[in-house]
Structures are given as structure tokens and as C-alpha cells.
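The values are calculated or read from the model by the stated rules, or taken from the named source; none is laboratory data. In this text, all values refer to a predicted model and were calculated from it rather than measured experimentally. Virtual Cβ from ideal backbone geometry, glycine too; neighbours counted across all protein chains shown. Just the protein is used for accessible areas: all its heavy atoms, side chains included, with ligands, DNA and RNA removed. Shrake-Rupley method; radii C 1.70, N 1.55, O 1.52, S 1.80 Å.
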Amino acid sequence: MSGALARAVAVARLELAVQRREPLTALYPLVLGLLAFAYASGGPVELVPARGPVPRGAPWALALACTGLVAFGQVITTMVAATVILRDRAVRMDALLATGALRRVEYLGGKLAAALVVLLAVYAAIPVGLWLGLAADGGVVRALDATGAVLRPFALLVVPVMLGVGLLQFALGALAGRLWAIVGQGLVLLWLWGAALGAAEGGASGAATWLDPFASAPVVAATRAWPDTVRAVAPLPVDASLVANRALWLAIGALAAALAFARATIAAPVAVPRASPAAGDAAPPARVDAWRAVAAAPLDGWATVRAQAGYVARWMMRDAGWRVLAALGALNVAVNAWRAVPRDASPALAAAHALAAATMHARLFLILLATIYAGELVWREREQRTAPLLDALPARTGALVTGGLAGTVAAQAVLVALLAAVAWLAALVRTGAVPEVARYAAASVAWLLVPFVAWMACSWVVHVVVANKVAAHLLCIAAWVVAVTVDGRMRTHGWWRALGWPAVEPAAFAAGAPWDGALAASAAWLALSGVAVAAASRRVARGEPG
Amino acid sequence: MTAAPLLAVEGLRVRYAGGPAALDDVAFAVGAGLTGLLGPNGAGKSTLLRVLATLQRPDAGRVTIAGVDALADADAARARIGYLPQEFGFPPALTPRELLAHFALLKGVAPDGTRRDAVDALLARVNLWDVRDRPVKALSGGMRQRLGVAVALVGAPPVLLVDEPTVALDPHERHRLHDLVVELADTRAVLFSTHLVADVEALCRDVLVLHRGRIVRRGAPEVLVAPLAGRTWRARVPHAAAPAVRETQRVIRDRLVGGEVELTVVGDVAPTPAFVATAPTLDDVFAEAIRT
């Protein structure tokens, strides 16, 4: 083995050894495999909408299930690609690696190979889960008959998508060296997926479906006209759109990877500090000893809450990740509100359509932000090592916790206001008339802000109780996926209806918003999350236990 | 009549599960002035400072800070201490002025006008005035360290706890920090923890040597050095001969110089004619104290 190849293999081996010891590497295939199993075995997971009488094990249904799982799994692809390329910088090993004999190509080659091996192992859980689910539902013989129908979408959809998205995320991670950039790109991919899928479901085909990085749109477009009898038996079609889609995204991934191999560095680039403001732009205070004259005293609770809330809201809203997610969310809401609002809608109907678009298309961004920043509230001070400085201050723990949560809510309120305003403005531009304001603003609070405040509070509780950042994030995201999955099926149950916000149906909403349901759900969730926060607050400790 | 100490510790014990005592019956009291806390890595210095900063409860003992029982009323004690931990950080997007204003508010420095004046004065005092509105991520390591000092000084606390503050600083920044610490010690008790003997020798009139959780020496540098006067001997011996000396003599220091081993031993007489009498230093005291 040549020296270069040996070094690349050594990098890959070390990465795989680290990945083997990561609990998440085992959790990822478990999640995908269980989702696939739950779908194929007839469980509560409904991965293929509007399946009609077509059985879950039909090749068409299995193919669409695979596209859904691989779209969901891109969160995993992002995490793996981010971990392999960003960890060395995070643990400050990058400079050690960069100053040895290792070359960029060997380093990136080894990392990429390891990432792809891990991803392949993770995604292999999909056919395994599907096959086991079919066996559990209809017996081993039936499952053996369906083996081809399980493996075909894995080979034609799952692996190419994993490869294309994996290359793209890996390349951006290597070039940008920032987690938020990878997450931002992941959201752009999800948005393209939603847009292309929407176009395909609306009758578009050809180039419109090429935009889908997860290859769902070409499959939907090619099989849209199939009758149920064909859907029940015909294999996944490999038409020109699917081939073009895959070729396009694999080429994009390969180009991005080539750019990374040509331009990325092993060690994080040295940040060049910005020029300091000109000295003397304001004279220093005349009495430099003024600080000696002021004594400290324990602060009252409300002053602490206000101070901590302002501090947390400031650092959150200045965080690049928050700003990227907020900007992408605003873009997504604006585009979808523009598409949703009819040109001739009345002010009430335009506002209702704008609200429907905002609640539907802001959800993912708000959920991500609420989950991530609830975790940051618990972990950031410790990770940045500000905690010992803050813990040594004469401020009550309860007031600090309350202030932190209030600051997060304030930042969420700013974001919700932005998203609601963007949707409203899109409706204004679309119709040329001023949409209803007062009811729209009140409904934005009830349907957008309150659910996400409650979600953020619950996420914070999960982080405090679980006491593991990554596990808590995954638990929250998984809980959201489960909630969304079962939501449609549970709407007929009285207790679920009581806890869920009424859907925003624009026509009905314009006539009269279902305030009773929204207020009941708001009250229930705010009470539940408030109790949970109060209980979890007792676990928040200052300093270290004795 | 002597003034009440600003910082007093009695019978302090901390034991981590499954390990030896991190602090074992530690007791001392200090008034205004600079007290050096010397100890090798793992001696218990950071544990002691965390306990004094109310961040860790001891298993037993009593801590009094400016007349306040710190274990009974942590908030009142926190208003009287300034703490600069060994490792700390700040949100990178916020500016020194914003951060200092926040810490001042949480420390209970009020009202607004007074607080603003105090924050600006502190920024000027630690030479961060020109970068007051720059994000923390754009500051150098020395600037961040000085911001940490400013945070510790907010509210003009009578007791300052400073943990290894100069470890990552260049000589120039180290000198500036020394100047500041000496100036601060005129009216307040400053406990300056370090494993750098030179720092303590240069700054402190009072030294505590902590080893394996116990205070093994206490006093002014010249007092600590006195017992070794006339009993410290030094020689360079060939590498091969060093083990025999180590076995038979009380060697307190041992270093390589030009390929030979320079040994410093303590004893009433020179071990061999090759050993010459040498004036003892605080380094020797420290080495002798932690030898056992």
C-alpha cells in the first residue's frame, strides 16, 4: 500500500473506531429500521399518503416509503457528515493533523470514506426494517417474494440519494467548517424537496422534478396517473426524469466534493480579527476608579429575570445559526404564502391563507429553533465556560432559569412576528389589498407563538432531565416526528383534539376562527409545560455538587 | 486589636467519591493583601477556590467571607467575592461592554447611571476601552483574560479569588496583570492561586502551600525560606551518578543542565565536597514541601 493510501486508510480507520464508540451510530439505524418496520408491518407509521387500497408491501408503496425515509434520514446524513468533518476542529485536533505528513486529499478521502461506510450501514436498516415488517405482517414467504421490491428502491433511490446528499454536506462542512452552514444547507434541500414534490403532485413533471434532492418528485410524477391495480404490482419505474434527477444531484455532490478536495484545509482557517474601532472615538471615562465606589448587593428576583432575559435574547438573536434558520424560514413562508393566497381573495380570506401558509411552512424552522435553543439554554454557558462566572453571582437560581426561558421566548416572539409579517406582506403583494390585521395578529399568537413556546419549554425540560445534549435533541425531534405522524390518525379521538390546535382551513377560518379550540389547546399546553418547567427547575444546580 | 479577616476558612474537607480527600482540614484566615496559593497540579487549589466561590459545597467546614457565613448565605457571600476561574469564556457575539453591564446588573450594582459609570471605568482600568464594542470573538487571549478580571472586579468586592490567571498569557500581559493584582490588594483580600512559584515570589507577602489537600507551609517568603538557610547544597553530577545521590540524600530539586544532572539537596552538611552551599529560594521551599 502506498504511503498516501495508507495514511487515508488510517484516517478512515480512526474515524470508524470513533464512530463505533458513538451511541448515536447505533441509534440512527435503529430509528430508520423501526420506522420502516412500523410501516411495513401495518403499524401506526403511515409513510405513504393517499395509498388507497394499494397494500403497504406493493413495490410502488415501498418505493415511496423509501423516499420518505431517506428525506427524513437526511437529518442523519447531515449529522454524520458534520461529525466526521467538524469533530477534529471541535476537539482542537486539527492543528496536530495538519502539521504532520498527512495531506489534504488523504485526510478528506479517509474521512469521506468513513462517512460513506457509516451512512451505508445506517441506511441498510431501511430494507432490513421493511423486509422484517413485511415478514411480521404477512409471513416469511410473502416477505421473500417482496425482496426484490425492497432492494430495488434501496439501490435506485436510497443509496444514490445518500451518496449525493452525503457528498454535498461533507463538502460544505469541509469548506465552511461551521455546523450552522450544514444545517442551513440541509434546510435548503428540504425546501427544494417540498417545492418539487408539491409541483409533482400538482401535475408538473420533467425539469421541475429534477430539483428534488431526495428523488421523491420524479417517482410521484411518473406514477401519478397509475391506477391502483398497476400501483399494487408494477415495479419502481426508472424513467428519464428519475435518471436526470439522480445524475444532476450526483454531479452536484461530486462537484462540491471536488471543490472541497481542492480548497478545504485540514486545520481551521485562522480568523482574521476585524480592525478595531479607531482609538479615541470616545474618550475614556475621566474617573477610572469609579468602579471602586459601587458596592454589590443581592438583586431582587424580577430584576434578575429581566437582566437574564435580555442577555439570553441578545446572544440567541446574534447567533449565526439562529439568523440562518430565521432567514430560511422567512423565505420559505414568503414563497408558500405567495403561492397559497388567491389573487382575488378578500382581506379576511387572504389573511386566513397567509396564516395557513405560515403555520404549515414555518413549523419545521420553529421546531428546530425551539429544540436547538432550549438545549443551548441548558448547555451553552457550560460549554462556553461562562457558567462559573455566572454561578458565582448573587442571583437566585430560579430567577436565572426564569430569565433564560423568558429570553428564549422573547427571541421566539421576534421570529414569529417576522414570519407572520412576511406571510402577511406576501398576501398584501399578491392581492394588492390590505389583509385583515387584528385577527391575523391574534391568530398568529394563538397558532404560531403559543405552540412553540410550549414546545420550547418541553424541550428545555427534556434537556434538563436527560442531561445529554445530543440525546435530548434526538428525543425531541423524534417526538415531533411521532406527533406529526400520528396527528392525522388521532384527530378523531376527543383527548387528542383537546390537546391539538384546530387546523387552519382558510375558507372556514375567514368566516370565523375556531378560537375555542385554540384557546383550550393553548391553556392546556401552557399549563402542562409550566408544571414540567417548575418540576425540572429543581434539578438545575449552581456550581458543582459537593 | 487586629481587624477581622476578610476571608476565613476552618476545618474544610472535600472528598470525591472513591478518591483521597481533595481538601483535608484546611484552615486559614487572610486580611487585606495578596496571598499566594501555591501547589502542584492536583493539590486541591481549584477545589478550594470553587468552595470559596460558593460553587461547590464542602463535606465539612466553615467559610466566612467579609463577615458572612458563605455556606449558610451563599447569595450574601457572592455579593462580596469576585471570582476569576482558571477556565472561562463568554458568548462570542456579545461585546465587553454588554457583558460587563450584564454581570454588573446581576451582581446588584445599581442604579443605572452608577452602573454605566462603573462599567466604563472598569473597561478603562483593564485597558479594554478601545475594544469595548468589539465582539468577544475578535479579542485576543490576553484581552479576554482582562475581561475576566473586570468581571471579577464588578461591584468592588472585598475578596478576590483568582485561579491560575497568568497561565496562557505572554510576558507583557502577565506583567500587566501582576500590576493590576498588586494594586487591587491594597484594600481587599486577594487569594492568588498558581503553580508558578516565580509569580508568587514576585507578588506575595503571604504564601500558602497546598499539597494533597492540606496546607503544608504558610508564611511570608523570607520566613518560609529561613529554615533552609545554610542547609541547601547544590552540585552537578554525571547522569550515571545521580541515582546513588537520590537514594542517599534528601534531594528536593533535580534538573538537567548541559547534559549533567543538577541536584539540590537539603541537609546539615554537604553530602560530598562537590556540593556547594546555595542560598535557598521559594522554589526550594516549594520543592521541599511537596517532596513528601
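Each label point was placed 7 Å from the Cα along the Cα-to-Cβ direction; for A:Arg87 and A:Val233 their separation is 5.0 nm. Positive end of the dipole of segment B:147-204 (Cβ unit charges, origin at the Cα centre): among B:Leu191, B:Leu147, B:Pro158, the Cα lying farthest that way belongs to B:Pro158. For segment B:1-90, relative contact order (Cα pairs under 8 Å, six or more residues apart, normalised by length) works out to 29 percent.
Building the convex hull from the alpha-carbon atoms of chain B and averaging its projection over directions returns 18.7 nm².
Stretched out straight at 0.36 nm per residue, the stretch from A:Leu331 to A:Ala297 would grow longer than its current Cα-Cα span by 7.5 nm. Between segment B:34-51 and segment A:509-536, what's the alpha-carbon centroid distance in Å? Going from one Cα centre to the other spans 52 Å.
Report, please, the projected area of segment A:128-205 averaged over directions, based on the convex hull of its C-alpha atoms, in nm².
7.3 nm²
Based on C-alpha pairs under 8 angstrom that are at least 6 apart in sequence, chain A has a relative contact order of 14 percent.
Projecting the Cα atoms of B:Ile215, A:Ala392, A:Gly148 onto the dipole axis of the protein assembly as shown, where Lys and Arg carry +1 and Asp and Glu carry -1 at the beta carbon, places A:Gly148 farthest toward the positive end. Shielding by partners for peptide B:175-181, expressed as the average number of C-beta atoms from other protein chains within 10 Å of each residue's C-beta, is 0. Other residues with beta-carbon under 15 Å from the beta-carbon of B:Gly219 carry, at +1 per Lys or Arg and -1 per Asp or Glu, a net charge of -2. In chain A, taking the dipole from charged Cβ atoms about the Cα centre, the farthest positive-side position among A:Ala510, A:Ala171, A:Val105 is held by A:Val105. Separation of segment A:399-416 and segment A:171-220, taken as the distance between their Cα centroids, equals 32 angstrom.
The listed residues A:Thr304, A:Thr229, A:Thr359, A:Thr147, once ranked by accessible area (1.4 Å probe) with the largest placed first, stand as A:Thr229, A:Thr147, A:Thr359, A:Thr304. Around the Cα centre of chain B, unit charges on the Cβ atoms of Lys, Arg, Asp and Glu (plus for the first two, minus for the last two) sum to a dipole of about 360 debye. Mean sequence separation of contacting Cα pairs (under 8 Å, at least six apart), scaled by the length of chain B, corresponds to a relative contact order of 21 percent. Counting Lys and Arg as +1 and Asp and Glu as -1 over every other residue whose Cβ lies under 15 Å from the Cβ of A:Thr99, the net charge comes to +2.
Here the spin labels are modelled as points 7 Å beyond Cα on the Cα-Cβ line, and at A:Ala508 and A:Ala258 they lie 5.4 nm apart. All C-alpha to C-alpha distances of the protein assembly as shown, sorted into 20 Å bins beginning at zero, yield P(r) values of 13, 36, 32, 15, 4, 0 percent in whole numbers. Dipole size of segment A:348-439 about its Cα centre, with +1 on Lys/Arg Cβ and -1 on Asp/Glu Cβ: approximately 100 debye, rounded to the nearest 20. Under 20 Å from a point 7 Å along the Cα-to-Cβ line of B:Ala229: which residues of segment B:249-279 have their amide N that close? Output list for this probe position: B:265-270, B:276-279. Here A:Ser2 and A:Arg382 are evaluated by their C-beta separation; at R0 = 35 Å the FRET efficiency comes out at 0.20. For A:Leu175, the solvent-accessible surface computed with a 1.4 Å probe is close to 70 Å², ligands and nucleic acids excluded. Computed with a 1.4 Å probe over protein heavy atoms only, the accessible surface of chain A comes to 44 Å² per residue.
Going by accessible surface with a 1.4 Å probe and the largest first, B:Asp117, B:Asp284 read B:Asp117, B:Asp284.
First select every other residue whose beta carbon is under 9 angstrom from the beta carbon of B:Leu6; then total the charges, Lys and Arg +1, Asp and Glu -1.
After counting each charged neighbour, the total is +2.
On the full set of protein chains, 1.4 Å probe, figure out the accessible area of B:Lys137 and give it in Å² to the nearest 10. B:Lys137 has an accessible surface of roughly 120 Å² with all protein chains in place.
Placing +1 on the Cβ of every Lys and Arg and -1 on the Cβ of every Asp and Glu, with nothing else charged, gives the protein assembly as shown a dipole about its Cα centre of roughly 700 debye. Shown are A:Leu5, A:Leu134, B:Leu169, whose ranking by accessible area with a 1.4 Å probe and every protein chain present, most to least, is A:Leu5, B:Leu169, A:Leu134. Segment B:242-288 and segment B:110-144 have Cα centres separated by 48 Å.
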